[in-house]
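Okay, so here's the structure we're looking at.
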Amino acid sequence: MSKIWWRLTEISPLAEHAMHTPTTDAPLPLIGSTTAAPGLIWDQNDTGVETLRSNGSPVWCDETGRPHTAQALAWTHTANQRSNTYYHAHIDGDLVLLEGRHEGAARSVIDTIRLGVASGHHWLWIDPIGWPFPVGTADHRDEIVPADASWIPAEVEASALEGLSYRAVIAEGYEGADGVLPRFTRQTVAEIIADLDDLNSHPATMPGEFPIVAFDGEVAVISWQQHTLSDERVLEIDRCYPDAEGLYAIGAYQWTWIVTRRR
């Protein structure tokens, strides 16, 4: 089974909430103990999306009054409805203990999360192979779709890039973030970079309207410009490494890519 992936920027605040609230309210059957401990409750929402939420009390609620959750960014195979999800045997989900560690781990989950944040990582993953669950962070997502996916040529576009289209190969039958999952050659990534440079330098473009992409050696770095009344910063949000075929899954699970024309 593939790892389940979340954005680390969404998970870190949930973990710190669980660590720093006065009490924790862990569903006891999840840990088989009468002692509650700081953790992230791993469950599915009503639409089948994997979620994480703090078990800290007082509960962190969103604007609707429901517990604040972070949603995993997963793939779905549209033909057979196979999805990058995990079967939770218990009705209350599973508990990822923040002060615990899986066998062979060098540090606890909370220390893994904190080190990931300090290292500028962008992703948190959970490997659903047992309990305690292996948890890690990474500066890029190296699992886009299952290894046995088939790839077909296509031309794709994304609204985040003003609808400009590019040649790619896409994972046949798979979707993520409501769009297809493409990979591009380095030459095409260079074209995307040039187009974004033109868009961002246009006088009518607002700060942060379009992403910024640049090569750092062989790695494509994706950033956004953050603009306030007193500050203007460029924040790195993801990194994309070339895979074994030298292709880049740039913007996967970041931008919504759609097919403009099959080749």
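The values are calculated or read from the model by the stated rules, or taken from the named source; none is laboratory data. Computed from a predicted model, the values in this text were never measured in an experiment. For neighbour counting, all protein chains shown are included, and Cβ atoms are generated from backbone atoms with ideal geometry for every residue, glycine included.
Details
- Screening T256, T205 for residues that are in contact with a helix residue (DSSP H, G or I) (Cβ under 7 Å, 6 or more places away or on another chain) and farther than 29 Å from S150 by Cβ leaves exactly one candidate, T205.
- Condition check for L52: exposed (fewer than 15 other Cβ atoms within 10 Å of the Cβ), at pLDDT 95 or above and outside any loop (DSSP other than H, G, I, E, B): no
- Qualifying residue in region 203-222 (condition: among the hydrophobic types (A, V, I, L, M, F, W, C), in a loop (DSSP other than H, G, I, E, B), in contact (Cβ under 8 Å) with a residue 24 or more places away in the chain and not assigned by TED's automatic domain parsing to the domain that holds T78): yes
- Yes/no for I250 being out of contact with any Leu (no Cβ under 7 Å at 6 or more places or on another chain) and closer than 30 Å to R82 by Cα: yes
- A220 surrounded by fewer than 17 Cβ atoms within 10 Å (Cβ to Cβ) and among the small types (G, A, S): no
- Output for region 103-141, where each listed residue is surrounded by fewer than 16 Cβ atoms within 10 Å (Cβ to Cβ) and outside any loop (DSSP other than H, G, I, E, B): D111, L115, A118
- For region 84-102, taking the residues that are at pLDDT 85 or above and out of contact with any His (no Cβ under 7 Å at 6 or more places or on another chain), the one that is surrounded by the most Cβ atoms within 10 Å (Cβ to Cβ) is identified as L95.
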